[in-house]
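One structure is given here, and the rest of the page talks about it.
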Amino acid sequence: MPQKPVRVFLIRKNIALAAGALLAAVAIFCAVNVPAAITAAGSARQLPIYCVDRSGEDGKKYCSISFDAAWGNEDTQMLIDILAKYDVKATFFLVGDWVDKYPESVKALHDAGMEVMNHSNHHDHYNSLSAQQIVADVTACNDKVQAITGVAPKLIRCPYGEYDDHVISAIRSMGMEPIQWDVERPATA
């Protein structure tokens, strides 16, 4: 069998150095960015519940009404009365500090058939807290609400509407669901 001739290519030193530097740069870029890109593509961002399809079998649409209670209680009884007048139930997300100041309002909400849920214990910025601090804060508020109503909250609205994956994970690790608000605007004619 005849042998093929061996071909030798000669490359200038500066071209070889440039090609080597380019290959090294590409290798470093891939080593640094590809694992992050694979991880980011493989994990979806965790989100709280914004809305739930509640179309009834009767064909009617339903909505949920919620209130946050963090500061005063001047309007609490008026809200209870208005909601009762129209036979409407709502969810009230309470801050633990508010529960401490107005336990009679917490009891009135519960006795009126309203859902009494968690809005944190001190209205801190959860994104800046550790998972352990979030769990401790949520637990403290849950304990206060349960002591008055006999029912432990299963839902939480994060203070300031702030959340990220670690906040959602911490809350869900407790068997609770984070709830956000959503405003559906009617279609314009």
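The values are calculated or read from the model by the stated rules, or taken from the named source; none is laboratory data. Since the structure is predicted, the reported quantities are computational estimates derived from the model, not experimental observations. So basically every Cβ, Gly included, is an ideal-geometry build from the backbone, and we count neighbours across all protein chains shown. Quick note on the areas: whole protein, heavy atoms, side chains included, nothing else; ligands and nucleic acids left out. Shrake-Rupley method; radii C 1.70, N 1.55, O 1.52, S 1.80 Å.
Just how much of Glu162 is accessible, in Å², when a 1.4 Å probe is used and the result is rounded to the nearest 10?
Surface accessible to solvent at Glu162 totals approximately 50 Å².
What spacing in nm lies between the two simple spin-label points modelled at Leu22 and Gln133, each 7 Å away from Cα in the Cβ direction?
Rounded to a tenth, the inter-label distance reads 5.0 nm.
Give, to the nearest whole percent, the P(r) tail of region 92-157 beyond 15 angstrom, counting all Cα pairs. Provide the component values of the computation, followed by the final result.
Details: 921 of 2145 pairs.
Tail of P(r) above 15 Å: 43 percent of Cα pairs.
Extension gain Asn14-Ala108, at 0.36 nm per residue separation less the Cα-Cα distance, in nm?
Values: separation 94, 0.36 × 94 = 33.84 nm, distance 8.27 nm.
Using 0.36 nm per residue and subtracting the Cα-Cα distance, I get 25.6 nm.
Send over a whole-number figure in Å² for the accessible area per residue of region 63-189, probe 1.4 Å.
For region 63-189, the per-residue accessible area is 54 Å².
If the reach is capped at under 28 angstrom between alpha carbons, list the lysines near Lys154, excluding any in the same chain fewer than eight residues apart.
Result set, ordered by chain and number: Lys60, Lys61, Lys85, Lys89, Lys101, Lys107, Lys144.
How big is the Kirkwood radius of region 119-167, worked out from every pair of different alpha carbons and given in Å to one decimal? Intermediate values should be presented prior to the final figure.
Working: mean 1/r = 0.0906 Å⁻¹.
Hydrodynamic radius (Kirkwood, Cα only) of region 119-167 equals 11.0 Å.
With the contact rule set at Cα under 8 Å and sequence spacing of 6 or more, what percent relative contact order holds for region 69-132?
Values: 65 pairs, mean separation 24.6, N = 64.
Worked out over region 69-132, it gives 38 percent.
Calculate, in nm to one decimal, what Asp143 and Asp81 gain on full extension: separation in residues at 0.36 nm each, minus their alpha carbon distance. Each step should come with its number before you reach the end.
On the way: separation 62, 0.36 × 62 = 22.32 nm, distance 2.68 nm.
Full-extension gain reported as 19.6 nm.
Grab the beta carbon distance between Asp164 and Asp100, set R0 = 30 Å, and tell me the FRET efficiency rounded to 0.05.
0.60
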